[in-house]
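See structure below.
The values are calculated or read from the model by the stated rules, or taken from the named source; none is laboratory data. These figures come from a predicted structure and were not determined experimentally. Cβ coordinates were reconstructed from backbone atoms using ideal geometry, including for glycine residues, and neighbour counts include every protein chain displayed. Areas reflect the complete protein model, heavy atoms only, side chains present, ligands, DNA and RNA absent. Shrake-Rupley method; radii C 1.70, N 1.55, O 1.52, S 1.80 Å.
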Amino acid sequence: RFQACVYFASVFQAMSCGIHYLASVFMAVTPNFVCGIPGNVSSVLFYNSSESSIKDIWTLWTTTENYIVVQLENGEIWELNQCSRSKREVSLDLAYEYKGNKSIFSCSDGFFYDDTKWKSTVVTEWDLVCEREWLAKLIQPTFMLGVLIGAVIFGDIADRLGRQRVIWFTSTGQFVFGIAVAFTFDYYSFVIVRFLLAMVSSGYLVVAFVYVTEFVGIKARTWASMHVHAFFAMGIMIVALVGFLAQTWWVYQIFLSVATIPFVFCCWILPETPLWLLSEERYEDAQKVINLMARWNKVSTPCKVTELCSVQQDGLVSDRMGDNDISSTKKHNILDLFCNWHMARRTITVWLIWFTGSLGYYVFSLSSVSLGGNEYLNLFLIGAVELPCYIIACIAMDKLGRRNTLIPFLILSALICVSIMFIPQDFNILIILANMAGKFSIGVAFGLIYLYTAELYPTIVRSLAVGSGSMMCRVGSVVAPFCVYLRSVWIFMPLLLVGIMALLSGILTIMLPETLGKPLTNTLVEATEMGKNKKSSSGKTPPALSGAASEKIEMFGQETVSTEK
């Protein structure tokens with residue numbers, strides 16, 4: 001009961017992360033537009049169609065190469081293109097074709113925008129078109145840069161100050177910065193506030209994975225960790241729903257930000273994880289949390305932290321750990337992930353999987369826009385398709401193991417990328433199905449790596465490991481749009497790159513240890529030995545705190561686990 005309440009309270013806020021990550025899909029959309037002109041328009045001509053207002057022409061607009069002919073009340077006739085306007089020197093008859101002299105002017109009087117679907121976006125708010133178009137294209141990359149930096153910073157802070165404080169700060173920050181975005185007064189303040197929003201959103205998502213992983217026991221760890229992604233996907237579906245209902249960007253942003261306001265009021269009661277408290281030798285605080293868990297779960301079996309930690313006083317453990325034991329008391333940084341050859345090889349492989357998963361996920365997602373139809377429904381389905389993906393991943397992870405699930409799905413992604421190259425271009429339905437299959441398979445690997453990373457590293461650097469992995473993930477998400485641009489070189493170039501990366505990642509994953517059913521490690525020595533001696537580590541209890549303490553704490557928190565173990 002205790003773990004269930006903590007879990008659902010924590011992952012509820014993960015919806016907010018999914019919301020803010022995808023909010024720019026509709027908030028920064030560029031509608032059809034043409035150059036504005038001074039004066040009142042009396043008539044509008046578009047090919048053979050004549051209207052009294054420019055608004056009536058947008059339904060006929062087909063390509064950006066079109067132009068609109070307008071006649072002002074003073075008799076002047078203008079040709080309006082997207083980024084320029086031309087005044088006809090001879091204004092006799094209002095005709096679409098004109099062979100006479102024209103004077104070309106810049107769009108100094110603003111633009112006319114198509115407000116059929118969106119009354120206002122950040123593009124129309126600050127005229128981010130034509131020579132300012134590059135500013136609109138920077139909105140999502142700068143957000144992802146904030147996600148990248150936030151993952152590392154808050155992952156490190158969570159290892160130093162605790163998971164609880166970071167969850168408090170980042171969840172409150174998401175609400176505050178989310179509302180502040182709606183009230184920004186210009187483009188630059190908008191980008192800066194969204195950058196801060198990205199940092200706290202990424203920080204919460206990273207620490208939330210570690211938080212729920214350390215609170216739930218071995219039996220529920222797979223499903224609990226993987227379905228954090230399911231709540232993230234729900235956030236994507238909320239974006240589609242709110243985008244359909246709200247047609248003004250700042251109203252849309254406010255609605256998205258208040259969607260998870262209940263968590264802001266309840267996050268303050270979330271406790272610190274016992275594993276982190278034990279790693280910091282705060283035994284009394286850990287005992288209080290354990291006693292609270294006992295009362296909620298109605299467990300009468302006593303659990304004393306002093307008894308669980310008595311193994312630390314054993315001289316054999318001290319001799320075995322030697323000088324490396326200082327790792328439990330010193331402040332850790334990213335270099336600890338490369339403390340020896342085994343950990344360095346593991347870190348490089350894990351980072352590559354993170355990068356590949358993100359790159360493939362976004363390349364397949366960007367390709368899905370060719371589905372056509374209603375864009376709101378398409379985005380909703382893109383979020384919904386992830387839900388069965390994580391269910392299948394959980395079943396496979398529990399039955400086959402983390403590594404044995406990750407390897408085939410990475411290789412399957414590579415095979416799908418190759419197979420798409422051989423599908424005739426006029427087989428649209430088959431191409432779409434293959435792309436969705438590719439996204440499904442890379443989605444399994446992308447979701448699995450969060451939990452796998454948390455299990456591969458000890459408590460003292462777990463948040464840092466997940467945070468640095470998430471950093472590589474964001475690098476992949478920033479690279480993905482540029483990868484898609486390579487279609488101009490060769491239409492299958494993006495798929496070829498994703499396929500090569502997925503195949504390489506799948507091969508390197510073979511060298512990683514299996515973590516299914518094993519207790520979380522607490523020191524770098526234990527994490528290293530898990531990779532060195534797979535057979536003995538699966539049959540023996542690890543010697544330090546995680547073997548004795550963390551395993552019993554996990555069992556204690558679940559009523560169904562027998563006390564004999």
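Here is how the numbers come out for the structure above:
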{"item": "Solvent-accessible area of residue 192 with every protein chain in place, 1.4 Å probe, in Å² to the nearest 10", "result": "100 Å²"}
{"item": "Built amide H within the under 5 Å cut-off of residue 270, gap 5+", "result": "none"}
{"item": "Gyration tensor over alpha-carbon atoms, region 334-529, equivalent ellipsoid semi-axes in Å", "result": "32, 17, 15"}
{"item": "Kyte-Doolittle mean at least -0.5, axial Cα span of 15 Å or more - DSSP H helices of the chain", "result": "2-12, 139-161, 163-182, 187-215, 218-245, 341-367, 386-400, 402-421, 428-456, 462-485, 493-509"}
{"item": "Whole-number accessible area per residue in Å² for the chain, which is evaluated in the context of all protein chains at 1.4 Å", "result": "43 Å²"}
{"item": "Rg(Cα) / (2.2 N^0.38 Å) computed for region 33-116, rounded to two decimals", "result": "0.98"}
{"item": "FRET efficiency, 1/(1 + (r/R0)^6) with R0 56 Å, evaluated for residue 130 and residue 281 via beta carbons", "result": "0.35"}
{"item": "Label-to-label distance, nm, for residues given as residue 186 and residue 74 (7 Å Cα→Cβ offset)", "result": "3.1 nm"}
{"item": "Where 501, 15 fall by accessible area, highest first, once all protein chains stay in place (1.4 Å)", "result": "501, 15"}
{"item": "Heavy atoms of residue 8: accessible area, 1.4 Å probe, square angstrom to 10", "result": "120 Å²"}
{"item": "FRET E, pair residue 378, residue 90, Förster distance 35 Å, beta-carbon r, rounded to 0.05", "result": "0.15"}
{"item": "Out-of-range pairs (alpha-carbon distance over 30 Å; input 55/102; 119/439; 304/518; 399/439)", "result": "119/439"}
{"item": "Length gained when the stretch residue 49-residue 258 is fully extended (0.36 nm per residue, less Cα-Cα span)", "result": "70.8 nm"}
{"item": "Heavy-atom accessible area order for 395, 57, 254, largest first, 1.4 Å probe", "result": "395, 254, 57"}
{"item": "Identified option (computed Kirkwood radius over Cα pairs in Å; candidates (1) 26.0; (2) 27.4; (3) 28.3)", "result": "(1)"}
{"item": "Phi to ³J(HN,Hα) by Karplus 6.51 cos²θ - 1.76 cosθ + 1.60 over region 517-522, Hz, x for Gly, Pro", "result": "x, 9, x, 5, 7, 10"}
{"item": "Simple label model, 7 Å out from Cα along Cβ direction - residue 489 to residue 40, nm", "result": "5.6 nm"}
{"item": "Listed peptides 156-162, 457-463, 471-477 by packing density, highest first (mean Cβ within 10 Å)", "result": "457-463, 471-477, 156-162"}
{"item": "Solvent exposure ordering (accessible area, 1.4 Å, most first) of 149, 382", "result": "149, 382"}
{"item": "Cα-based Rg and Dmax for region 94-165, where Dmax is the largest Cα-Cα distance (Å)", "result": "22.6, 74"}
{"item": "Gain in span if fully extended, residue 109 to residue 392, counting 0.36 nm per residue against the direct Cα distance", "result": "96.3 nm"}
{"item": "Computed accessible area, residue 107, all protein chains, 1.4 angstrom probe, square angstrom", "result": "30 Å²"}
{"item": "Gain in span if fully extended, residue 245 to residue 335, counting 0.36 nm per residue against the direct Cα distance", "result": "27.6 nm"}
{"item": "Percentage relative contact order, the chain, counting C-alpha pairs under 8 Å, at least six apart", "result": "18 percent"}
{"item": "Estimated FRET transfer efficiency when R0 is 41 angstrom, pair residue 137-residue 269 (beta carbons, to 0.05)", "result": "0.45"}
{"item": "Separation in nanometres of the label points that stand 7 Å from Cα toward Cβ, at residue 165 and residue 419", "result": "5.1 nm"}
